[in-house]
Amino acid sequence: MIVTDTPTTSSAERAYLHTKALIVRGDLPGGQLISEGQICEALNISRTPVHEAFLRLAAEQLIVLSSRKGAVVAPISPREAQDVLEMREAIERSAAARIAAEGGPTATTVARLKALLDEQRTAIDRDDSDAFLAADDEFHAQIIAAGNNAIALHLFGQLRDRQQRLRNHLMRTREEYGPVLDEHSAMFARLEASDLDGFVAVLSAHVNRFDGVL
């Protein structure tokens, strides 16, 4: 992903978004050395805004700065993966509980979730990993949004980059897509039926699919 110039995007912001996208997508894997010069050259900008971007990424614990080596992409640790999965499950479970308490998802939410399931089926047919993972992310985001809890949405937003990085790390093989889609379909059916216990059971299995893989 290359972040292009826009009237409202500073050079530092471009460098931050560009580098972060490479890390989240897995193009810069954990342990990879990265220099400010690489980003300067890729974006044709000076070193100062790139340095600012690196400081920001270090504060988010996506890179580790070193006076000798420049920067190293922080690996996803087993504990980080576990923490992200646990928080995601808690937020989504809470959203489902509120949806069920309010009589089930709205027609708009149902239509959007159906469309995202169709997008994932099409992505599998086309062997399009990027499209599948983007729809995966949006499927869960839609469920949380439907819970109408501003705090949950805020927490999910803070976790989103780490979740997507974890997805890109763990779900890059086509063999994983079918089972994931089956679980999404089951979650949707139970949510539509206001079957909270059933939804929670499928969600738990879905979230814990990769538990212990790292």
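When the residues of segment 175-214 are filtered to those that are among the β-branched types (Val, Ile, Thr) and more than 22 Å from residue 98 (Cβ to Cβ), which remaining residue is modelled with the highest pLDDT? Only one residue tops the list, namely 180.
Criterion first (out of contact with any strand residue (DSSP E or B) (no Cβ under 7 Å at 6 or more places or on another chain), under 20 Å from residue 164 (Cβ atoms) and either in the same structural domain as residue 163 (by TED's automatic domain parsing) or small (Gly, Ala, Ser) (or both)) does residue 58 satisfy it? If you could, list the steps in order and put the result at the bottom.
Numbers: out of contact with any strand residue (DSSP E or B) (no Cβ under 7 Å at 6 or more places or on another chain): no; under 20 Å from residue 164 (Cβ atoms): yes; either in the same structural domain as residue 163 (by TED's automatic domain parsing) or small (Gly, Ala, Ser) (or both): yes.
The answer is no for residue 58.
If a residue counts only when it is hydrophobic (A, V, I, L, M, F, W, C) and within 30 Å of residue 208 (Cβ to Cβ), which helices (runs of 4 or more DSSP H) contained entirely in segment 1-110 have at least 1 such residues?
Details: elements: 11-25, 36-43, 47-59, 78-101.
It comes to 11-25, 47-59, 78-101.
Filtering segment 10-64 to residues that are in contact (Cβ under 8 Å) with a residue 40 or more places away in the chain and either among the basic types (Lys, Arg) or touching a Cys at 6+ places or on another chain (Cβ under 7 Å) (or both) leaves 20, 25, 56.
Before we move on, is residue 175 in contact with a His (Cβ under 6 Å, 6 or more places away or on another chain) and assigned by TED's automatic domain parsing to the domain that holds residue 94?
Working: in contact with a His (Cβ under 6 Å, 6 or more places away or on another chain): no; assigned by TED's automatic domain parsing to the domain that holds residue 94: yes.
Criteria not met by residue 175.
Determine, yes or no, whether residue 166 is under 17 Å from residue 92 (Cβ atoms) and touching a residue at least 40 places away in the same chain (Cβ under 8 Å).
On the way: under 17 Å from residue 92 (Cβ atoms): yes; touching a residue at least 40 places away in the same chain (Cβ under 8 Å): yes.
Yes; evaluated as a whole, the condition is true for this residue.
The values are calculated or read from the model by the stated rules, or taken from the named source; none is laboratory data. Every value quoted in this text rests on a predicted model; they were computed, and no experiment measured them. Because the Cβ atoms are built from the backbone with ideal geometry, glycine has one as well, and the counts that use them run over all protein chains shown.
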